[in-house]
Structures are given as structure tokens and as C-alpha cells.
Amino acid sequence: MLSSDDAFDEQLPLSLQIKSSMHFTPIEVARQAAALLAPEPGMSVLDVGAGAGKFCLAAAFAIPTATFVGVELRGQLVRVATRLATQLQLHNVRFVHGDAFDLDWSQFDSFYLYNPFAEQLFENAFRLDRSLTLDPLNFDLSVTAVRVRLALARVGTRVVTYHGFGASPPLGYDLARVEQAGSDRVELWIKSREVSPEEAAAHDV
Ligand SMILES: C[S@@+](CC[C@H](N)C(=O)[O-])C[C@H]1O[C@@H](n2cnc3c(N)ncnc32)[C@H](O)[C@@H]1O
């Protein structure tokens, strides 16, 4: 199931198969990102908006010494992801149904963001389904909420983006690596220092 994108897609309901390539991380990119997110044994990674679990499942399979948690607003996708984790007998991955911003981000070492809020911007066929109320204001609020949580995270926190998340990580993060994934970029950001409230206010972060 994790040998190729086609093999993964075959496990999805038909309605998701046709959208998979647009919304879910390619297997090869997931492996690449996982290595950047969890270079040491014992690290825990949050996938913000896990979809049908494709990133988390491929990452957990590639790096059995790390733990991957996927949080996802859509219950149907969480059920698919959980079923696939069971089929693959993966014990280092779990999926949570809910809003990423209701979780405590301080329990994670690293964060994966594959443009999770982009759907809020488009009222067209790009959408995964019609279950979410879309509003460009939600996009801005979500991007800001990510930046606030990353600003509060500890030094050493790793963030990998694929197609970004709508902004850069806040002050205190350095772009440590850029890898090309086909025509797209995988970026690794690492928090290198604490930023005082005064400095953050001066930079509007
Ligand atoms: C582009 S898909 C990425 C899926 C997965 N990370 C992957 O790469 O295979 C983004 C997902 O984020 C979810 N999402 C958007 N906002 C969210 C939020 N606030 N909390 C949890 N999930 C969210 C959407 O429902 C969608 O399934």
C-alpha cells in the first residue's frame, strides 16, 4: 500500500481517489519530510490536517523510531486513516478527529504542514468535499494561529512545509534546508532562538 501513490490510492474510497493527488502528500515526499522532521529516535511529529493519513502512514512506516500524530477536522478521513494504520499494523501512528488548534502543541517536537488551509480560499472543484464551511477569513485566522503556536514552541522545534502554509514561520526560525520534490519545495525550518515579546511586537509576529 505504501510502495507507490497508486497503491495507496487504491485503498481509498473512490470519491477520495480522484482528489488524492491534489490533496495528499506523495509517498516519496512523505519519506523525505519524515527524515527531516524526526532525525533522532523518540521524536513526536504532528501533521496539521492529516487528511486520509497518507503523510503520517508513509512517515511512520519509514521511521519506526518516531511517533506521528495526525489531527483532522473531517471525521470520514480520520476513519479511513485509522483503518489503514490498522491494516498496516503500524503502532507509531494515531489519528485524532478535531481541530488542530484544540490540541496542545507543546507535546510535539516537529510539525508538518502541507498547505492545510488552502481550501478556505477556493470555492471550486479544488475542495475535498463540501463538509467544511469555507471562508477566506478562516484562512487568515488559521495561518496566524499556526504562527502563534510556533512562536511559543521550544528552541529546536522543527517545521517542514510542502507548498507552505500561507506564511513563513515566525521570527526565531531559520530556513535550515530546502529540498526539491519534483517541481515543488520541501522546506525545513528550525527554531534557533527565543524571541522577546518586545522584539516580536516590533516585527509584528
Ligand atoms: C492538503 S490536506 C493534507 C493532508 C495530509 N497532511 C497529507 O499530506 O497527506 C489538508 C487537510 O487539512 C484539514 N484541515 C484544515 N484545517 C484544519 C484544522 N484546523 N484542523 C484539522 N484539520 C484541518 C483538511 O480537512 C484537509 O484534510
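Observations
- Only strands (runs of 3 or more DSSP E) whose full extent lies in the stretch 11-118 are considered here, and the ones with at least 3 residues that are modelled with pLDDT of 95 or more, buried (at least 24 other Cβ atoms within 10 Å of the Cβ) and within 12 Å of the ligand (Cβ to nearest atom) are 44-48, 67-72, 110-113.
- You will find that of A153, A145, the residue that is touching a Phe, Trp or Tyr at 6+ places or on another chain (Cβ under 7 Å), away from the ligand (no atom under 16 Å from the Cβ) and under 17 Å from A100 (Cβ atoms) is A153 and no other.
- Of the residues making up the stretch 128-142, those that are part of a loop (DSSP other than H, G, I, E, B) and near the ligand (Cβ under 10 Å from one of its atoms) are L128, D129, S131, L132.
- When P39 is tested against (1) touching a strand residue (DSSP E or B) at 6+ places or on another chain (Cβ under 7 Å); (2) under 15 Å from V160 (Cα atoms), just one condition goes unmet, and that condition is (1).
- When the stretch 149-175 is filtered for residues that are of a type in the set (A, V, I, L, M) and either surrounded by 14 or more Cβ atoms within 10 Å (Cβ to Cβ) or assigned to a loop (DSSP other than H, G, I, E, B) (or both), the ones remaining, listed by number, are L150, A151, A153, V155, V159, V160, A167, L171.
- Any chance S168 is modelled with pLDDT of 95 or more, more than 10 Å from the ligand (Cβ to nearest atom) and over 25 Å from G42 (Cα atoms): yes
- Among the residues of the stretch 182-203, those that are under 21 Å from the mean Cα position of the chain (by Cα) and surrounded by fewer than 11 Cβ atoms within 10 Å (Cβ to Cβ) comprise G182, S183.
- Residues of the stretch 17-42 classified as out of contact with any helix residue (DSSP H, G or I) (no Cβ under 7 Å at 6 or more places or on another chain) and not small (G, A, S), total: 12
The values are calculated or read from the model by the stated rules, or taken from the named source; none is laboratory data. Not measured: the values here are computed from a predicted model. Because the Cβ atoms are built from the backbone with ideal geometry, glycine has one as well, and the counts that use them run over all protein chains shown.
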